[in-house]
Amino acid sequence: MSMTFLAFIVAIALLITVHEYGHYRVALACGVKVLRFSIGFGKPLWRWQSKTSGTEFVLALFPLGGFVRMLDEREAPVAPTERHLAFNTQSLGRRSAIVAAGPVANLLLAVLLYSVVNWTGVQRPAAILAPPQAGSLAAQAGLVGGERVVRAALDAEAETEVRSFEDLRWQLTRGALEGQDVRLWVQTNKVGSEREFLLSLSALDSREADTRMFQKIGVMGPLTRPVMGDIMPDSAAAQAGLRTGDEVTQVDGKPLLDGQALRVLIRESVVNQKAPTQRWTVLREGQRLQLNVTPRVVQENGQSMGRIGAYVGAPPEQLLVRYGFFDGSWLALVKTWDVSVLTLKMMGRMLIGEASIKNISGPLTIADYAGKSADLGLTHYLIFLALISVSLGVLNLLPVPVLDGGHLMYYLWEGVTGRPVSDAWMERLQQGGVALLMLMMSVALFNDISRLFG
């Protein structure tokens, strides 16, 4: 819990600081006087005033937000000698640049973080497919499991290299959410031979980007060899004579290729509150053995399922994915763009009812993922930070009053009509924006509670 809380606070503080620093630096560059740069709200815990710019820097009690307060005649009287330093007296272009700088800073941070990950490298599961579930799109396409995906493409898009299972999952996510078919080029067991398969994701009703969506696609995870790991004493596995390192090749005469498939067979072995004996063929030190395994029935979440008291499945094949400086930088820019576009498309689909609002996540889910990614290591935490930074940048660019995008919307109106939005309309729009944000936060919090405690 402490790691989750710390990872969450660090993430939020960093993203907010970068966002507000974008506003701050561009404001100074445009000749605007910045009165206060605050990270957090409430009682100040630390403050310092710059002798050069006169800006007061503040770290406040509640770090879930921040602001940059600039000299502005609409907020307080301004001396005639400083009027040229006020925000409201700047040209439309300068005001727009200052407002847009925050979200742009978050997007640039994402590019930097993705670049660092690409340069240093990250261990990823290889894009080797597990046997797909019967009736899934992958099974209908003819995939049987064991294929290594080397390239992928959405509909008429150009082919892209697939270097890891994460690359494959990203292409499938894009195809499902955008309603586009995905073509896969795979290598089979025969060295050098390639085949092309078409996954008809355009026919998929993917209102929620969750586990069920990938179950329908038939690509749940990478191939894991069905090897026995640690075995608990006096467990069903121990009583059957299984040992750590045994590789299961058949269950009841049916060939077995994947550890996940073996876990499913064990879990679903229960019939009428009993788990019948299964005939396993295992490979041990080059010899094939026949063992009778009887899973034990346990109750989980009110359901009966089989368990053998052992870790089933070896880790998937791992490979180091790393790029040079220029390739890594370019791919980071492309990744940031792709995530931004997909985020906007997902928001649009939720708006018209083609995607579920259950996809909206709030602070509890973000904190949960922050802790999990931090546990996996610095590289995974940087990837998490990059994703949240993109989301924050895109969200703030939406044309919603009280957000940066709302102010840009006002400036667009001013640029087209030649006059600013009236104070009366400004007040109405701000009230509507606050109500909309409160509604979104309520939905996000409800989804968090349902997802984490439901």
Which one of GLN273, GLN299, GLN290, GLN303 is at pLDDT 90 or above and open to solvent by 60 Å² or more (accessible area, probe 1.4 Å)?
GLN290
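I'd like the full set of residues that are on the phi < 0 side of the Ramachandran plot and not aliphatic (A, V, I, L, M), limited to the stretch 130-149.
Taking the stretch 130-149 as the starting set, the residues that turn out to be on the phi < 0 side of the Ramachandran plot are 130-134, 136-141, 143-144, 147-149.
Result: PRO131, PRO132, GLN133, SER136, GLN140, GLU147, ARG148.
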Run GLN123 past the list (1) among the polar types (S, T, N, Q); (2) buried (at least 19 other Cβ atoms within 10 Å of the Cβ); (3) more than 30 Å from SER38 (Cα to Cα) and report the number of the one that doesn't hold.
(2)
Scan the stretch 106-130 and report the pairs whose first residue is touching a residue at least 40 places away in the same chain (Cβ under 8 Å) and of a type in the set (Gly, Ala, Ser) and whose second residue is open to solvent by less than 20 Å² (accessible area, probe 1.4 Å) and part of a strand (DSSP E or B), with Cβ atoms within less than 6 Å and a gap of 6+ or a chain change.
ALA127/VAL149
Sole exception among (1) assigned to a strand (DSSP E or B); (2) closer than 28 Å to GLU414 by Cβ; (3) open to solvent by 40 Å² or more (accessible area, probe 1.4 Å) for SER38, by number
(3)
With respect to the numbered conditions (1) open to solvent by less than 60 Å² (accessible area, probe 1.4 Å); (2) modelled with pLDDT under 90; (3) not polar (S, T, N, Q), which one is the sole condition not fulfilled by ARG419?
(1)
Selected residue [at pLDDT 90 or above and either at positive phi or of a type in the set (A, V, I, L, M, F, W, C) (or both)] from GLY102, GLY31, GLY93, GLY42:
GLY31
Out of the residues in the stretch 44-64 meeting the condition of being part of a strand (DSSP E or B) and open to solvent by 80 Å² or more (accessible area, probe 1.4 Å), tell me which one is nearest to ALA13 (Cα to Cα).
LEU64
Subset of the stretch 371-423 (residues that are β-branched (Val, Ile, Thr), touching a helix residue (DSSP H, G or I) at 6+ places or on another chain (Cβ under 8 Å) and under 20 Å from SER91 (Cα atoms)):
VAL421
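Looking only at the stretch 73-105, which residues are of a type in the set (D, E, K, R) and surrounded by 17 or more Cβ atoms within 10 Å (Cβ to Cβ)? It would help to see each step written out before you state the result.
Taking the stretch 73-105 first, the residues of a type in the set (D, E, K, R) are 73-75, 82-83, 94-95.
Passing the criteria: ARG94, ARG95.
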Selection from the stretch 130-146 of residues more than 19 Å from LYS254 (Cα to Cα) and either of a type in the set (D, E, K, R) or outside any loop (DSSP other than H, G, I, E, B) (or both) yields LEU137, ALA138, GLN140, ALA141
Among (1) part of a strand (DSSP E or B); (2) surrounded by 14 or more Cβ atoms within 10 Å (Cβ to Cβ); (3) in contact with a Phe, Trp or Tyr (Cβ under 6 Å, 6 or more places away or on another chain) - the single one MET220 does not satisfy:
(1)
Selection count where residues are outside any helix (DSSP H, G or I) and crowded, with 16+ Cβ neighbours inside 10 Å, scope the stretch 384-401
4
Go through (1) out of contact with any Leu (no Cβ under 7 Å at 6 or more places or on another chain); (2) outside any strand (DSSP E or B); (3) modelled with pLDDT of 90 or more for GLU157 and report which single condition fails.
(3)
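The values are calculated or read from the model by the stated rules, or taken from the named source; none is laboratory data. Please read all numbers here as calculations on a predicted model, not as lab measurements. FYI the Cβ positions are ideal-geometry reconstructions off the backbone, even for glycines, and counts take in every protein chain you see. Side chains are part of the model used for accessible areas, which takes the heavy atoms of the whole protein and leaves out ligands, DNA and RNA. Shrake-Rupley method; radii C 1.70, N 1.55, O 1.52, S 1.80 Å.
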